[in-house]
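Contents: one structure, followed by commentary.
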Amino acid sequence: MVLPLLVGIIAIPFAVKGLGKEGFGVLSIAWVILGYLGLFDFGFSRATTKFISEKIGKNDLEAIPSITWTAVIISFCFGLLGMAILFIATPFLVEGLLKIPIGLVHQTKISFYILASSIPIILCSSCFMGVLEAAQRFDLLVMVMTPASIMLYVFSGLSLPFHLNLSTVILLIVLSRVAAACAYLFLCFKIFPNIKKKLVFSLKNLKAMATFGSWIAVTNIISPLLVYLDRIYIGTFLSMVSVAFYAVPYEMVTRLKILPNAIMKTLFPEFSASSATSNTQQIEKLFVRTFEYILFLVGFLAVLLFTYSSVILQAWMGAEFAQNSTTVFRIFTIGIFASSLAAIPFNLLQGIGRPDLPAKYHLVELPFYFALLYLLIQGFGIKGAAWAWLIRVMADASLLGGGAFRIFPRLFGQFKDKQSRAGRIAVYLLLLWGGLSGSHAIFGNIFTKALAMVSILTVFGLAVWQHIFNDSEKDMALSIWLRLKKTILHQQA
């Protein structure tokens with residue numbers, strides 16, 4: 001997941017120049033639609049992961065084909081429905097709702113029609129991914145997911161040197177997703193050969209998965225809307241250039257979720273399997289340890305991005321983006337940090353069979369977010385949109401955490417403890433932010449700033465090693481370092 005981030009950092013400036021600010025704004029809306037295709041999933045890919053995880057935990061592998069094909073067949077049917085809806089809605093979206101420049105209207109329509117045609121295949125692909133996640137074969141997932149994610153940015157960036165228009169970029173991105181779907185299917189056959197031999201549709205499984213998936217469906221409908229509604233509002237009430245100034249920092253900062261997203265892919269099937277065997281102690285242990293790791297790692301990166309946001313934008317996208325997007329960048333950094341922590345109770349609640357709680361929280365948030373977003377955009381432009389997004393994210397994190405603590409009250413006691421490691425990590429991160437911010441403001445010379453930053457990070461690293469890491473984590477870190485050193489020396493030889 002790190003590789004697409006690095007490619008995106010390089011490719012996005014090329015995409016902005018190749019497509020123009022307006023064209024990149026439309027492309028970011030297309031990315032929104034691509035991310036919103038989960039709307040038509042109705043929870044079946046998530047249900048696939050949960051139910052197959054439970055069957056693996058009980059060693060009932062014969063039930064896997066019926067779960068898989070039931071989910072795939074239903075997802076394909078829902079995909080056809082989604083394709084029809086997007087086909088019908090495209091003229092209204094392009095000519096009525098969004099402020100698309102006249103010169104881009106035709107290209108945007110073609111792009112949306114291409115996206116619509118891909119929906120059935122992409123939804124089936126999600127189910128195949130769910131099978132691999134349940135089997136915890138993340139090595140195989142990475143083999144396909146990484147290049148597919150990279151291609152999204154590569155094809156966008158190629159618009160500059162090869163003069164690709166918007167619809168061609170979208171077509172190439174969609175074709176890469178179709179190829180990924182075929183690869184996921186092949187890997188499912190490899191891991192569970194009985195899937196290929198037994199194409200079974202089960203009404204019993206359909207009922208169970210639909211019951212679980214109904215609340216997931218509510219989340220799938222509302223969650224992307226909560227995530228992407230701001231860009232739609234900006235494109236409607238401001239301009240596509242404003243969408244670009246807003247979307248570029250979001251695309252970068254949101255990559256902070258690479259680590260929590262990767263961990264959640266492993267954590268959700270583990271929560272599901274532990275819940276099936278009523279292993280409460282394992283669930284609580286996983287929750288606390290994951291919270292500490294994400295708090296430290298994502299928090300550390302968030303401090304760096306927040307402190308040096310203007311410098312990063314200046315070096316990456318130029319002075320115009322640094323001037324217009326720095327405040328938005330910083331707001332996103334805080335929000336993504338909170339959202340990364342909120343992913344833990346979100347996956348816990350779904351994993352233990354309570355997907356209704358996140359869905360209900362999102363239902364409550366949606367109308368308030370609609371109103372808040374409209375008011376703040378009218379008053380403060382893209383900065384207002386970012387503040388509205390942050391308020392919604394913080395409220396969501398509070399609700400999800402409260403739901404998890406109510407079901408597992410012992411979790412709250414562990415975080416409330418004065419000796420908790422999470423508390424110490426938070427204090428260290430605040431001290432790091434204070435030191436870096438102070439040195440960055442005080443010193444004017446670039447060399448002096450860099451020297452101060454290195455010194456502060458060195459002190460921070462030594463303090464964390466001494467007071468945060470436990471013995472097993474120190475041994476693990478040393479082991480990784482020795483393996484890395486051995487690999488480098490071997491390559492040099």
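So which of ILE391, ILE344, ILE377, ILE352 ends up being under 22 Å from ILE334 (Cβ atoms) and surrounded by fewer than 22 Cβ atoms within 10 Å (Cβ to Cβ)?
Exactly one residue qualifies, and that residue is ILE391.
Could you check how many residues of region 41-77 are small (Gly, Ala, Ser) and touching a Ser or Thr at 6+ places or on another chain (Cβ under 6 Å)?
Within region 41-77, the first condition is being small (Gly, Ala, Ser), and the residues that meet it are 43, 45, 47, 53, 57, 63, 66, 71, 75.
Those still in the list that are touching a Ser or Thr at 6+ places or on another chain (Cβ under 6 Å) too: 45, 53, 66, 71.
Result for region 41-77: 4.
Kindly establish whether SER149 is surrounded by 16 or more Cβ atoms within 10 Å (Cβ to Cβ), part of a helix (DSSP H, G or I) and touching a residue at least 60 places away in the same chain (Cβ under 8 Å).
yes
Starting from region 260-280, take each residue that is on the phi < 0 side of the Ramachandran plot and list its partners that are surrounded by fewer than 19 Cβ atoms within 10 Å (Cβ to Cβ) and in a helix (DSSP H, G or I), counting only C-beta distances under 6 angstrom and pairs at least six apart or across chains.
So the pair list comes out as ALA273/GLY57; SER274/GLN282; ALA276/GLY57.
How many residues are surrounded by fewer than 24 Cβ atoms within 10 Å (Cβ to Cβ) and either touching a helix residue (DSSP H, G or I) at 6+ places or on another chain (Cβ under 7 Å) or not assigned by TED's automatic domain parsing to the domain that holds LEU399 (or both) if we restrict to region 361-373?
Total satisfying the criteria: 7.
Report yes if PRO358 is closer than 21 Å to PHE412 by Cβ, crowded, with 18+ Cβ neighbours inside 10 Å and out of contact with any Gly (no Cβ under 7 Å at 6 or more places or on another chain), otherwise no.
Values: closer than 21 Å to PHE412 by Cβ: yes; crowded, with 18+ Cβ neighbours inside 10 Å: yes; out of contact with any Gly (no Cβ under 7 Å at 6 or more places or on another chain): yes.
The answer is yes for PRO358.
Working carefully through the options SER117, SER149, SER176, find the one that is in contact with a Pro (Cβ under 6 Å, 6 or more places away or on another chain) and more than 25 Å from GLN350 (Cα to Cα). If you could, list the steps in order and put the result at the bottom.
Values: SER117 fails: in contact with a Pro (Cβ under 6 Å, 6 or more places away or on another chain); SER176 fails: in contact with a Pro (Cβ under 6 Å, 6 or more places away or on another chain).
Checking each option against the conditions leaves just SER149.
Looking at LEU301, is it buried (at least 17 other Cβ atoms within 10 Å of the Cβ), assigned by TED's automatic domain parsing to the domain that holds SER437, of a type in the set (A, V, I, L, M) and assigned to a helix (DSSP H, G or I)? Outline the logic, then answer.
Details: buried (at least 17 other Cβ atoms within 10 Å of the Cβ): yes; assigned by TED's automatic domain parsing to the domain that holds SER437: yes; of a type in the set (A, V, I, L, M): yes; assigned to a helix (DSSP H, G or I): yes.
Taking the combined requirement at face value, the residue satisfies it.
Quick check on my filter: what residues within region 152-184 are in contact with a Phe, Trp or Tyr (Cβ under 6 Å, 6 or more places away or on another chain), more than 17 Å from PHE112 (Cβ to Cβ) and free of Cβ contacts under 8 Å to residues at least 60 places away in the same chain? Before the answer, list the steps.
Taking region 152-184 first, the residues in contact with a Phe, Trp or Tyr (Cβ under 6 Å, 6 or more places away or on another chain) are 157, 160, 169, 172-173, 184.
Cutting the leftovers down to more than 17 Å from PHE112 (Cβ to Cβ) gives us 157, 160, 184.
Selection gives TYR184 alone.
Exactly one of (1) buried (at least 22 other Cβ atoms within 10 Å of the Cβ); (2) over 14 Å from ILE67 (Cα atoms); (3) modelled with pLDDT of 85 or more is unmet by LEU166. Its number?
(3)
Please find, among ASN194, ASN165, ASN205, ASN220, the residue that is polar (S, T, N, Q) and more than 30 Å from GLU54 (Cβ to Cβ).
ASN165
In the list LEU160, LEU206, which residue meets the criterion of being more than 28 Å from LEU6 (Cα to Cα) and buried (at least 16 other Cβ atoms within 10 Å of the Cβ)?
LEU206
Let's see how each residue does on (1) modelled with pLDDT under 85; (2) out of contact with any helix residue (DSSP H, G or I) (no Cβ under 9 Å at 6 or more places or on another chain):
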{"position": "SER437", "(1), (2)": "no, no"}
{"position": "ALA441", "(1), (2)": "yes, yes"}
{"position": "SER455", "(1), (2)": "no, no"}
{"position": "LEU462", "(1), (2)": "no, yes"}
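It is to be established whether one or more residues within region 397-410 are more than 27 Å from the chain's Cα centre (by Cα) and assigned to a helix (DSSP H, G or I).
Checked region 397-410: at least one residue is more than 27 Å from the chain's Cα centre (by Cα) and assigned to a helix (DSSP H, G or I).
The values are calculated or read from the model by the stated rules, or taken from the named source; none is laboratory data. Being a predicted model, the structure only gives us computed values, none of them experimental. We place every Cβ from the backbone using ideal geometry, glycine too, and count neighbours over all the protein chains shown.
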